[in-house]
Amino acid sequence: MTATFTQVTLFTDTDGRARFREQPIALTEGKPAAMLSPLMPSGGLQLRHSPVGFRSEFHCSTDPQWVFILGGQMEIGLQDGTSRVFGPGQHFFSADTLPAGARFDPRVHGHWSRQVGPDPLVTAFVRA
């Protein structure tokens, strides 16, 4: 049996709305004591510090990117009213880009994010 890493993905569904899904990434490289995924290309790393009380408006991801929570907690809210909270050591792949040819409508597209809890939010963004 091949070990896997669970990739949580925030994506744009066929109706233009952001949703979450989970999918496995096979860890086919490395050794039994340190299983690795195949090497993935990246387009740069960006770090962010968001103070207590931070909250964004609805927006889409400009470019697909991995989001890693380094400190604090981040809540991601969707148009359908659902949300997920991610804490230190957790991640998601943000790929809810605006559909081709669409004009951004904050009642339909995207997600919002906010800092949750008593600690500032520290994140690392790795462009895909």
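A short reminder: the numbers here are calculations on the coordinates, not readings from a lab. It should be emphasised that the depicted structure is a prediction, and the values quoted were computed from it without experimental measurement. Glycine gets a Cβ as well: all are built from the backbone with ideal geometry, and neighbour counts include every protein chain shown.
Cβ-Cβ distance of residue 17 and residue 90, R₀ of 22 Å, FRET efficiency by 1/(1 + (r/R0)^6): the value works out to about 0.45.
Checking every one of the trypsin sites (Lys or Arg not before Pro) in the stretch 69-128 against DSSP loop status and a limit of 16 other Cβ atoms within 10 Å picks out 103, 107. If R0 equals 30 Å, the separation of the Cβ atoms of residue 52 and residue 104 corresponds to a calculated FRET efficiency of about 0.60.
Placing +1 on each Lys and Arg Cβ and -1 on each Asp and Glu Cβ, with no other charges, gives the chain a dipole about its Cα centre of roughly 100 debye. Can you give me the C-alpha center-to-center distance between the stretch 1-67 and the stretch 79-108, rounded to a whole angstrom? Result: 12 Å between the Cα centres. When the GluC sites (Glu not before Pro) in the stretch 1-95 are filtered for DSSP coil states and for at most 15 other beta-carbon atoms within 10 Å of their beta-carbon, the remaining sites are 57.
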